[in-house]
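The values are calculated or read from the model by the stated rules, or taken from the named source; none is laboratory data. Remember, it's a predicted structure, so these values are computed and weren't measured experimentally. Reconstructed Cβ throughout: ideal geometry from the backbone, glycine too, with neighbour counts over all protein chains shown.
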Amino acid sequence: MTTQLGVAVLQEVNGGARLVKTVELRRHTASDGDRLTPEGIAAAVEIGSRFGAPYDLLISSGAQRATQTLACFLAGSGQRSPAGVTVDETFRSTVEERWFSVARQSGGGDIGAFQKADSALVEEEANRFGGALRRVFDSLEDGGRALIVGHSPMHEAAVYGLTGQVIAPIAKGSGVRVIQHGRDFRIEQLS
């Protein structure tokens, strides 16, 4: 059984039903420097208004634009977050200028294009971000849901590091839902 927005997913496991874990990774909305623009604020509030059931974990990369986006998502959703918001800087690159350089060299594109321009960067960062994403999954109870707001291409590197799958670049405000079924992962695009 699945329900909309990944709220509850049951999987048959050895003859019994089991809830699976879900993590949504969303990119911050439009910003000017490290602060959201008025358009970015409005977009984040509107996106939040479409959220279904509450999340068990809310995580920001620590950048102001990511934390502000997460706050606007919550404002739009009208939901409370008894666990609050966690800042986890392992979802933020310490070598952003290197990523910018690789993006220019590769002409942008997905992690595969970045890998051709600087495979060492992609592998190092994918291991780091994939490990951080693995820790979030490990911390969730069965049926648990988390939302991480951060950056591109760091989210794409996290998915690649965890699953080995290359996903399309994530637009501002958009994201992916990663659903864990035992040891397997399924990825869904979010708008």
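Give the residues of the stretch 101-112 that are over 12 Å from Tyr160 (Cβ atoms), part of a helix (DSSP H, G or I) and either of a type outside the set (Gly, Ala, Ser) or free of Cβ contacts under 8 Å to residues at least 24 places away in the same chain (or both), sorted by residue number. Don't jump to the end; show me each part of the working.
Narrowing the stretch 101-112 to residues over 12 Å from Tyr160 (Cβ atoms): 101-109.
Okay, now just the ones that are also part of a helix (DSSP H, G or I), so 101-106.
Passing the criteria: Ser101, Val102, Arg104, Gln105, Ser106.
Of all the numbered requirements in (1) in contact (Cβ under 8 Å) with a residue 24 or more places away in the chain; (2) more than 12 Å from the chain's Cα centre (by Cα), Ser174 misses one, and that requirement is (2). Got at least one residue in the stretch 19-32 being modelled with pLDDT of 95 or more and surrounded by fewer than 16 Cβ atoms within 10 Å (Cβ to Cβ)? Yes: one or more hits. Among the conditions (1) part of a helix (DSSP H, G or I); (2) farther than 25 Å from Arg135 by Cβ, Thr29 misses just one, which is (1). Scanning the stretch 128-158 for residues that are of a type outside the set (Gly, Ala, Ser) and either in contact with a Pro (Cβ under 9 Å, 6 or more places away or on another chain) or more than 20 Å from Thr86 (Cβ to Cβ) (or both) yields Asp142, Arg145, Pro153, Glu156. Only one of these conditions is not met by Ala126: (1) within 20 Å of Ser31 (Cβ to Cβ); (2) modelled with pLDDT of 95 or more; (3) hydrophobic (A, V, I, L, M, F, W, C). Which number is it? So Ala126 meets the others, but not (1).
Every condition in (1) touching a helix residue (DSSP H, G or I) at 6+ places or on another chain (Cβ under 6 Å); (2) loosely packed, with under 15 Cβ neighbours inside 10 Å holds for Phe129 except the one numbered (2). Taken over the stretch 49-100, the criterion of being among the hydrophobic types (A, V, I, L, M, F, W, C), surrounded by 14 or more Cβ atoms within 10 Å (Cβ to Cβ) and part of a helix (DSSP H, G or I) is satisfied by Ala66, Leu70, Ala71, Cys72, Phe73, Leu74, Ala75, Phe91, Trp99.
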